[in-house]
Amino acid sequence: ESRERLSVCSKLCYAVGGAPYQITGCALGFFLQIYLLDVAQVDAFYASIILFVGRVWDAITDPMVGFFISKTSWTRLGRLMPWIIFSTPFAIISYFLIWFVPDISRGQVMWYLVFYCAFQTLVTCFHVPYSALTMFISREQSERDSATAYRMTVEVLGTVLGTAIQGQIVGKVDTPCIESPFFLGMTNSSVAMEELNMTHDTESLTDTRNAYMIAAGVIGGLYILCALILLLGVREKRESSELQSDEPVSFFQGLKLVMNHRAYIKLIAGFLFTSLAFMLLEGNFALFCTYTLGFRNEFQNILLAIMLSATLTIPFWQWFLTRFGKKKAVYVGISSAIPFLIMVVVLDSNLFVTYIVAVAAGISVAAAFLLPWSMLPDVIDDFKLQHPSCRGHEAIFFSFYVFFTKFTAGVSLGISTLSLDFAGYQTRGCSQPDKVNFTLKMLVSAVPVGLILLSLLLFKLYPIDEEKRKKNKKALQDLR
């Protein structure tokens, strides 16, 4: 057991590797929708297609990458590290091109669709092997849990960096908006809109577009730095995940066994709806702050408050799950956001109340970040006890968990953007119709609350409590 202990330096280097996925994911999650609608000026219908297809493709690539990883032979660098190394430079290039507005009259939608899908594929080639690396750094549950806590702290810090870099750089530039003739009380709307377009077309979006590209360049640099730290500071240990009786099992045979494992299915079902709730909140919060609450110049600071709160409370949730168990941490942590999500839409627009809601939501986001990655290794250990001859299945567990959450998130975000189009969303509008504001309230409050309540009911069925987890740990030690 003493030989399996990881140094603080190793845990930190491992944790840093999780930052690129969260930095880029947070920037895309919070800002891509409003960027496509108001900066690239893509029609809301086509924006919904881009978001939906990109997310669904992202989900599909996870099991694909998991399959190819299971077929990868061990090298001098390991089995997982080569994927991380070779995907990094291409991921950075495609990420930058997402935030570039091409000077083409046709094919703009295809441009964003191609590079969004390309980036999602490449970042998956980074993140799936990185997630599976949890099982290859140590055989000790306590060490893996500790490393996961380090990782979650850095990943949430990564979301802070993503929000801060993207939000503060972009927020310094005022994106010109157009007053709708409906709100101006004009009678001849077509003539009014033509006059307004002629007036505002002189206001260039060049500064705003440049700001997005500068932010993409900074985030790309951080991506490279984190990948280098991970490569130089972490050693992939082949023996850490293998039992004495291990024998190779085919991918599809392993997949069948994994998908029939009841504890795994119940875990991903619960976190599926939790992820959906926070994805809807993430995808629509910038629009909600800008239009429904009227905080056009404050939304990037509100988003930053959420992420800072989440970062600071990760250590608390790690202590809580160690002291009271992971299932109790799920109930307390996830449900804590419900009253505040209701408060933000029930009360009148108030900046102070909005910041309170942001801090409270961040506390719940921290629990939602930490718990799935802390509980998945417990499920894998439970699986190993039931199938001691199965080997090389770790990537399947992680990739299919991410697949289900990403696929449903893609569907929900596509539908939410499409619903804004049906409600009459005004591209580059200074304000929005009442139907759009009502839709945004539903997307950041009512629907997430309903999804969280459903997830809490599903977690009642999850069978691995603290007593079961300790028995599994003892049994695994005996097998080894």
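The values are calculated or read from the model by the stated rules, or taken from the named source; none is laboratory data. Not measured: the values here are computed from a predicted model. Reconstructed Cβ throughout: ideal geometry from the backbone, glycine too, with neighbour counts over all protein chains shown. Note: accessible area is taken over every heavy atom of the protein model, side chains too, but ligands, DNA and RNA are not part of it. Shrake-Rupley method; radii C 1.70, N 1.55, O 1.52, S 1.80 Å.
Checking each residue in region 412-428 for being crowded, with 19+ Cβ neighbours inside 10 Å and on the phi > 0 side of the Ramachandran plot picks out no residue at all. Candidates Val330, Val359, Val353: the one that is out of contact with any Lys or Arg (no Cβ under 9 Å at 6 or more places or on another chain) and without any contact (Cβ under 8 Å) to a residue 40 or more places away in the chain is Val353.
Evaluated against (1) surrounded by fewer than 17 Cβ atoms within 10 Å (Cβ to Cβ); (2) in contact (Cβ under 8 Å) with a residue 60 or more places away in the chain; (3) assigned to a helix (DSSP H, G or I), Thr121 falls short on exactly one condition, (1). Just one of the listed residues (Glu203, Glu195) is of a type outside the set (Lys, Arg), at pLDDT below 80, part of a helix (DSSP H, G or I) and open to solvent by 30 Å² or more (accessible area, probe 1.4 Å), namely Glu195. Scanning region 128-158 for residues being surrounded by fewer than 24 Cβ atoms within 10 Å (Cβ to Cβ) and under 30 Å from Thr208 (Cβ atoms) gives a total of 1.
Taken over region 451-467, the criterion of being touching a residue at least 40 places away in the same chain (Cβ under 8 Å) and of a type outside the set (Phe, Trp, Tyr) is satisfied by Leu451, Ile452, Leu453, Leu454, Ser455, Leu456, Leu458, Leu461, Pro463, Ile464, Asp465, Glu466. Can you confirm whether Tyr462 is more than 22 Å from Lys328 (Cα to Cα) and open to solvent by less than 60 Å² (accessible area, probe 1.4 Å)? For Tyr462, the condition - more than 22 Å from Lys328 (Cα to Cα) and open to solvent by less than 60 Å² (accessible area, probe 1.4 Å) - is not met.
Just one of (1) assigned to a helix (DSSP H, G or I); (2) open to solvent by 70 Å² or more (accessible area, probe 1.4 Å) fails for Asp348. It is (1). Residue count for region 469-480 satisfying the condition of being part of a helix (DSSP H, G or I), in contact (Cβ under 8 Å) with a residue 24 or more places away in the chain and either of a type in the set (Lys, Arg) or surrounded by fewer than 17 Cβ atoms within 10 Å (Cβ to Cβ) (or both): 4.
Filtered by the rule that a residue be open to solvent by 10 Å² or more (accessible area, probe 1.4 Å), more than 22 Å from the chain's Cα centre (by Cα) and not hydrophobic (A, V, I, L, M, F, W, C), region 255-314 gives Lys256, Asn260, Arg262, Tyr291, Thr292, Gly294, Arg296, Asn297, Glu298.
His393 falls short on exactly one of the conditions (1) modelled with pLDDT under 75; (2) over 30 Å from Leu133 (Cα atoms), and that condition is (2). Considering Ala446, Ala409, the condition of being among the small types (Gly, Ala, Ser) and surrounded by fewer than 18 Cβ atoms within 10 Å (Cβ to Cβ) is satisfied by Ala446 alone.
Has region 35-51 got at least one residue that is surrounded by fewer than 22 Cβ atoms within 10 Å (Cβ to Cβ), under 21 Å from the mean Cα position of the chain (by Cα) and within 29 Å of Ala286 (Cα to Cα)? Looking for residues that are surrounded by fewer than 22 Cβ atoms within 10 Å (Cβ to Cβ), under 21 Å from the mean Cα position of the chain (by Cα) and within 29 Å of Ala286 (Cα to Cα), one finds at least one in region 35-51, hence yes.
Quick check on region 429-437. Is at least one of its residues in the same structural domain as Ser349 (by the TED database), open to solvent by 10 Å² or more (accessible area, probe 1.4 Å), at pLDDT 80 or above and assigned to a loop (DSSP other than H, G, I, E, B)? Yes: one or more hits.
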